[in-house]
Amino acid sequence: MENLIKILAKDIVAANGDAIVFTGAGASTESGIPDFRGPQGLWTRISPEIFDIENFYRDPDSSWRIYVEHIYSVVSAASPNTAHIAIAKLEAMGLVKAVITQNIDRLHQKAGSKHVIELHGRYDEVECQWCGFRDSIDKYKYIELFKSSGKAPKCPKCGKTLKPAVVYFGEPLPATELVEAFTLAKTCKLMIVVGTSLAVYPAALIPVEAYRAGATLHIINLSPTDLDHIAKTVIRGRAGEVLTKLLEEVEKEISISKTL
Ligand code: NAD
């Protein structure tokens, strides 16, 4: 593993600021947020169908209950881990241009990352798909309202059902973020994929697009992915541990190149 991390460190420095990090739920498991498909994943406890958009509108009260119990309560209590912190440091050093994340947990921003593209929304906002109203989940105490009534909160503007501002299965991804993510993928020199099974589309096509456009891919993930065969390195380790070592190697690499 150490040798692979050294190879990745050299590539990051050589990319000279043109590296993108692409993250999934595995980047946040060390913060105590379970992933979906891992051995302790959410799918071992609840059915994925609950996050289907048709199911949401068929039974919004049950969907909100699952959201509050399994997503909001866990995610709102979490703090960034060493993976998020290392990624933010690499950006601050001018080596990472942006983070494209499938995560809704805001932990990259909390760790200090500035340029974060959220493909699947954010856990701390609500949206009305009828009139376009969008607001912080805290503003009108939607969580407390739900807990006291057991009913999905209503839009203060048009009265229709509000939805957590996360992308449910069967919903399109936000257009602006999707375009920016694909544009970055097409133009970057290096993409580091962290903690994703690469099983959720279209997000999983972003590293494919980067590879097709000529970028080098590196994957840090505990279990195999469909893109392992096209990656220059596949590092089977915990994201927090690997990225902390990577940051150390990058710092060594920079000091060596300064002395040459
Ligand atoms: P996934 O559950 O399909 O895959 C997670 C991958 O991360 C697995 O392959 C697993 O082996 C790996 N992994 C788990 N812990 C790891 C660690 N410490 N270090 C390295 N690898 C680790 O998740 P996905 O690919 O992101 O897709 C699921 C969808 O669910 C995405 O849309 C995602 O945003 C969403 N989701 C988000 C969160 C979050 O915001 N934290 C949590 C769960 C699911």
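Where a number appears in this text, it was derived from the coordinates with a stated rule and is not lab data. As the structure is a prediction and not an experimental result, all values here were calculated from the model. Neighbour counts are summed over all protein chains in view; Cβ atoms, including those assigned to glycine, are modelled from backbone coordinates with ideal geometry.
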* To do: Pick out which of Ile66, Ile220, Ile85 has the largest mean-square fluctuation in a Gaussian network model of the chain, springs linking Cα atoms closer than 10 Å.
  => Ile66
* Structure fact -> Once phi for every residue in the range 89-105 is put through the Karplus expression 6.51 cos²θ - 1.76 cosθ + 1.60 (θ = phi - 60°), the whole-Hz ³J(HN,Hα) values, with Gly and Pro written as x, are 5, 4, 5, 4, 7, x, 9, 10, 7, 6, 10, 9, 10, 8, 7, 10, 8
* Using label points projected 7 Å from each Cα along Cα→Cβ, tell me how many nm separate Glu54 and Thr176, to one decimal. => 3.1
* Using the count of nearby Cβ atoms within 10 Å as a rough guide to exposure, how do Val166, Val179, Val234 rank from fewest to most? -> Val179, Val234, Val166
* To do: List every residue whose amide H lies under 5 Å from the amide H of Ile100, counting only residues 5 or more places away in sequence or on a different chain, with H placed 1.01 Å from N in the peptide plane.
  => Val21, Phe22, Thr23, Ile117
* Structure fact -> Under the Karplus relation with 6.51, -1.76 and 1.60 and θ = phi - 60°, whole-Hz ³J(HN,Hα) for the range 177-193, x at Gly and Pro, equal 5, 5, 5, 5, 5, 5, 5, 5, 4, 6, 10, 7, 8, 9, 10, 9, 9
* Per residue of the range 81-88, in order, report the coupling 6.51 cos²θ - 1.76 cosθ + 1.60 (Karplus, θ = phi - 60°) as ³J(HN,Hα) in whole Hz, putting x for Gly and Pro. => 9, 5, 5, 4, 5, 5, 5, 5
* Structure fact -> For Ile256 and Gln129, extending 7 Å from Cα along the Cα-Cβ vector and measuring point to point gives, in nm, a value of 5.2
* Asked: What is the set of long-range amide H partners of Ile235 at a cut-off below 5 Å, with H atoms built 1.01 Å from backbone N?
  -> Ile219, Ile220, Asn221
* Asked: For Thr216, which sequence-distant residues (separation of 5 or more, or a different chain) have an amide H within less than 5 Å of its own amide H, given hydrogens modelled in the peptide plane?
  -> Leu190, Met191
* Structure fact -> For the range 105-196, shape from the Cα gyration tensor axes a ≥ b ≥ c, cut at a/c of 1.5 then a/b versus b/c, turns out prolate
* Report, in debye and to the nearest 20, how large the dipole of the chain comes out about its Cα centre when Lys and Arg carry +1 and Asp and Glu carry -1 on their Cβ. => 320
* Asked: Which of the aspartates and glutamates could be linked to Lys232 by a straight reach, that is with a Cα gap under 16 Å, when you skip same-chain ones fewer than 8 residues away?
  -> Glu2, Asp11, Glu209
* Output the pairs from Lys114/Lys147; Lys186/Lys245; Lys10/Lys89; Lys141/Lys163; Lys114/Lys141 with a Cα-Cα distance over 22 Å in this structure; if there are none, say none. => Lys114/Lys147; Lys186/Lys245; Lys114/Lys141
* Structure fact -> Result for the chain, cysteines with no Cys Cβ partner under 4.7 Å, is Cys188
* To do: Rounded to the nearest Å, what's the spacing between the alpha carbon centres of the range 225-255 and the range 118-136? Just the number, please.
  => 33
